[in-house]
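Notes to accompany the following structure.
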Amino acid sequence: MRKIIITISTLLGLSCSLFGQELTLKEKAIEEFKKEHYKEAIEILEKAVVETPNDAEIYYYLGWYNHYLAYDSRPLKGYDFTHSERIFSYLDKALELNPNYGDAKYFYGAECSGNAFNAMQNYDLEKLKYFYKRAFDKGAYPSWLIELGKNLLNSCPQNSILFAGGNADFDICSYLQLQQEFRKDITVIPIGNIDRPWYVEFLKNGLKGGVKPVVLSLTKNQIYDIHPFKWDTTTIPIPVPKEDIERYSLPGDYKLNWQVNPDLSSNRQHSKMRGENAKNRTYLSPQQAILLQIIEENYVLRPICFSNFCNPFFYGGLEKYFTNCGLISKLTAVDTKDKGIQNDYSEMEKLLRSENFKHYSDIIKNDLPRISGLTFSYHRTLYMLAKEYADNNDKEKLNGLINLYNHQLQIGFNEETEKYFRDELEKLKK
């Protein structure tokens, strides 16, 4: 029995040494960050960088985690724009040690974006331009991303409002508009940021030489009093452009009836009427309230588009009125499924031209892993158009599209995804 106990103890000891090896400081920091122990993670990384001063990944994590504390967690003392140069220094060091570190370039761009938003808040055009140029100079906007941004903006009609999905599409469009004077007729709005009162006021005012304003009749007091509003599902009639009324042969007084659902709720019980059964209170979020206001006041005046990189949650049920053009969807006055116009194949054809992919292969050398997947929208759009050609037995156009795919999109960037689309395209030929 004694020998058995000793043997078991020995085996347990070996098991712990083999499978329970102590985490490195970097690994411990990552685990703390996962638990949302942000400051603890940074403290551990600061020890790790002393221990391993030539590890680019440690500097990258220091830049990322400090950036997160400054902008993405709750407001914390000491983590604001005065903290920014420290974040830049960490990311600079990561890139010094690994010049092709795509994630570090991405977060350098994100830090510049945070500073750019601060410049907007202060209506400082020169500083706004400076931070987008700084991001470009550091490699945050490589050629393939600039090309994607141009294709995105060129997908929009003249004088559009374009709701962007997040930093990736908003920042590249802002860089192009501010530094290259490209498609400045478009007002680009990051859809997730329209719950910030100062930004709503900024959109109303615009910035001369920088950002074209949108029409908003809300007063300053109303803007700065934005909060979750008590709300049940309600249909809001939206005035539509005259050209849509003519295009779809609609009655002169036609309105787009948008069913606006509450997007927030609480466990707080209430009843509107005496004797009514109590239920959880529901709300319209500030973001949805401002989206509703912008569309209600501007759709009759300007084309409204949504980047297809947006999270569908933000659409608020509007997608039934979307026409997909590839990289963007255009708001349309009618239910597009009902009218059979969910896809605008002529716009997809404009996008899928050889000249729009001159710099696509740059993604292999200048991969930004956090956002490079955006380019697979090209592949999805090409397949949708190819399927349309196959359904119409247009073999010449189908073969031309497959040829484009083989020579300009199938570059060995993500072989698994590319093989999937190649195989699906081949099936269409049969």
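Here's the yes/no breakdown for (1) of a type in the set (D, E, K, R); (2) in contact with a helix residue (DSSP H, G or I) (Cβ under 9 Å, 6 or more places away or on another chain); (3) outside any helix (DSSP H, G or I):
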residue	(1), (2), (3)
ILE290	no, yes, no
GLU296	yes, no, no
PHE306	no, yes, yes
LYS320	yes, yes, no
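Listed here are the residues, each with its yes/no results for (1) under 31 Å from the mean Cα position of the chain (by Cα); (2) modelled with pLDDT of 90 or more; (3) in a loop (DSSP other than H, G, I, E, B).
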site	(1), (2), (3)
LYS3	no, no, no
ILE8	no, no, no
LEU11	no, no, no
LEU14	no, no, no
GLU36	yes, no, yes
ASN54	no, yes, yes
ILE58	yes, yes, no
TYR61	yes, yes, no
Residues being surrounded by fewer than 19 Cβ atoms within 10 Å (Cβ to Cβ) and closer than 22 Å to PRO197 by Cβ - total across segment 299-310: 0
Taking segment 380-430 and keeping only residues that are in a helix (DSSP H, G or I) and either touching a Ser or Thr at 6+ places or on another chain (Cβ under 7 Å) or among the basic types (Lys, Arg) (or both), one is left with ARG380, LYS387, LYS395, LYS397, LEU404, GLN408, LYS419, ARG422, LYS427
Considering each of ASP362, ASP367 in turn, give the residue that is within 29 Å of GLN410 (Cβ to Cβ) and either hydrophobic (A, V, I, L, M, F, W, C) or surrounded by 18 or more Cβ atoms within 10 Å (Cβ to Cβ) (or both). ASP367
Looking at LYS387, LYS429, which is the one that is surrounded by fewer than 13 Cβ atoms within 10 Å (Cβ to Cβ) and of a type in the set (Lys, Arg)? LYS429
Matching option when the condition is of a type in the set (A, V, I, L, M), outside the structural domain of LEU404 (by TED's automatic domain parsing), over 24 Å from CYS156 (Cβ atoms) and buried (at least 17 other Cβ atoms within 10 Å of the Cβ), among LEU291, LEU284: LEU284
Quick one: in segment 151-186, which of the residues that are β-branched (Val, Ile, Thr) and without any contact (Cβ under 8 Å) to a residue 60 or more places away in the chain is nearest to TYR378 (Cα to Cα)? ILE172
Kindly check whether there is at least one residue in segment 135-144 that is touching a His at 6+ places or on another chain (Cβ under 8 Å) and outside any loop (DSSP other than H, G, I, E, B). yes
Subset of segment 313-330 that is over 19 Å from ASN257 (Cβ atoms) and not polar (S, T, N, Q) - its residue that is surrounded by the most Cβ atoms within 10 Å (Cβ to Cβ): ILE328
I'd like the residue in segment 73-130 that is part of a helix (DSSP H, G or I) and among the aromatic types (Phe, Trp, Tyr) and, out of all such residues, is farthest from the chain's Cα centre (by Cα). TYR90
Identify the residue in segment 186-232 that is more than 25 Å from the chain's Cα centre (by Cα) and among the acidic types (Asp, Glu) and, among all such residues, is modelled with the lowest pLDDT. ASP232
Out of ILE341, ILE363, I need the residue that is β-branched (Val, Ile, Thr), at pLDDT 95 or above, over 17 Å from the mean Cα position of the chain (by Cα) and assigned to a loop (DSSP other than H, G, I, E, B). Which one? ILE341
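The values are calculated or read from the model by the stated rules, or taken from the named source; none is laboratory data. Keep in mind it's a predicted model, so treat the numbers as computed, not measured. No Cβ is skipped: glycine too gets one built from the backbone with ideal geometry, and neighbour counts run over all protein chains shown.
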